[in-house]
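The next block holds one structure in the form of structure tokens; read it before the comments.
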Amino acid sequence: MDMDETIDETGGISARLERTNGLLERMLAEVAKTPSTHAIFVDAGYLYAAAGRLAAGTEDRRAFDLDAEGLIEALIDKARTIFADSRLLRVYWYDGARRRIHTSEQQAIAELPDVKVRLGNLNANNQQKGVDSLIRSDLESLARHRAISDAALIGGDEDLVSAVEAAQGYGARVHLWGIDAPDGRNQAEPLLWEVDSQRTFDADFFKPFVTRRPTVPYEGLSAAARPSRDDVRFVGAQISAKWLAARGREALVGLLPGHPYLPGSVDQELLVEAERLLDYSLRGQSDLRRVLRDGFWDHLQQCY
């Protein structure tokens, strides 16, 4: 290869490099002009339980009304302040329903502007099923397609960790929003460790949107005087003794790793039997229900 050919080849490479650099600069300029986008992901089961407990003193959704429209608008305003240079994609509202059929309340929420309601199922114990997988699917898909740069996640379940990891794997930042808990945390520590930032809202934020309903005695139970905590704890231990006698130590060994939580079926049996013995409704009495579970566990641990 002579000198002229070498110069021509070098010049061709330089020209291609210049064109490539120019293309990259134009792409970066376009990216810089593209506004950031955020979305809000709400686990309604967590929100109702935590906000109800904080602002109405109960986790029972039947015991209070939630102004979802006002609350969603407040959340949008809060996000607008936090993500000042970003636009809202939409609010994703995840809840459970029998056979995934909207309730009238869920339908009203679905009709709000910029809100997408996604439904999991409710089992016989009113436990949500499939909600976490819906959150993961949406978070991952939106992050993968660069539809969002930031996600505000309102939830507390450890199962949401995989959703956070999936979104972060595609470059999105996930910000965990929580609700103040009067008696400790209501969000799983692994979830707190995984997110990019954390923020907690207090009772003053939720009180304008939560209204306690008038207390109505549970059907079939009397409106007798409220039992003492000691009475409820004793009944919990009493039921625990019957439960252990009927099922044996093998069932106990299987139950212990879940402490302080009880499987839904066991918790429901405990509640129904306690209400029968006390002749008093514990629906909406989250403090007494915790004492009842404590009494149940106290007896089991003494027998282990």
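Brief remarks follow.
- Scanning region 203-216 for residues that are without any contact (Cβ under 8 Å) to a residue 60 or more places away in the chain and charged (D, E, K, R) yields a count of 1.
- Search result, residues across region 64-89 that are crowded, with 16+ Cβ neighbours inside 10 Å and under 27 Å from residue 129 (Cβ atoms): 64, 66, 68, 71, 72, 75, 89
- Evaluating residue 172 against the criteria (1) under 30 Å from residue 287 (Cα atoms); (2) out of contact with any Pro (no Cβ under 6 Å at 6 or more places or on another chain) leaves one unmet condition, (1).
- Selection of strands (runs of 3 or more DSSP E) fully inside region 94-194 by the criterion of at least 2 residues being open to solvent by 10 Å² or more (accessible area, probe 1.4 Å) and closer than 16 Å to residue 47 by Cα returns 115-122.
- Test result for residue 199, open to solvent by 30 Å² or more (accessible area, probe 1.4 Å), charged (D, E, K, R) and either touching a Phe, Trp or Tyr at 6+ places or on another chain (Cβ under 9 Å) or outside the structural domain of residue 137 (by the TED database) (or both): yes
- Subset of region 105-146 that is within 16 Å of the chain's Cα centre (by Cα) and on the phi > 0 side of the Ramachandran plot - its residue that is modelled with the highest pLDDT: 130
For every residue, the table says whether it meets (1) farther than 15 Å from residue 193 by Cα; (2) of a type outside the set (Gly, Ala, Ser).
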{"residue": "137", "(1), (2)": "yes, no"}
{"residue": "147", "(1), (2)": "yes, no"}
{"residue": "156", "(1), (2)": "no, no"}
{"residue": "173", "(1), (2)": "no, yes"}
{"residue": "177", "(1), (2)": "no, yes"}
{"residue": "180", "(1), (2)": "yes, yes"}
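The values are calculated or read from the model by the stated rules, or taken from the named source; none is laboratory data. Nothing here was measured: the structure is a model prediction, and the numbers come from that model. Cβ atoms come from the backbone with ideal geometry, glycine included; neighbour counts cover every protein chain shown. Heavy atoms of the whole protein, side chains included, go into the accessibility calculation; ligands, DNA and RNA do not. Shrake-Rupley method; radii C 1.70, N 1.55, O 1.52, S 1.80 Å.
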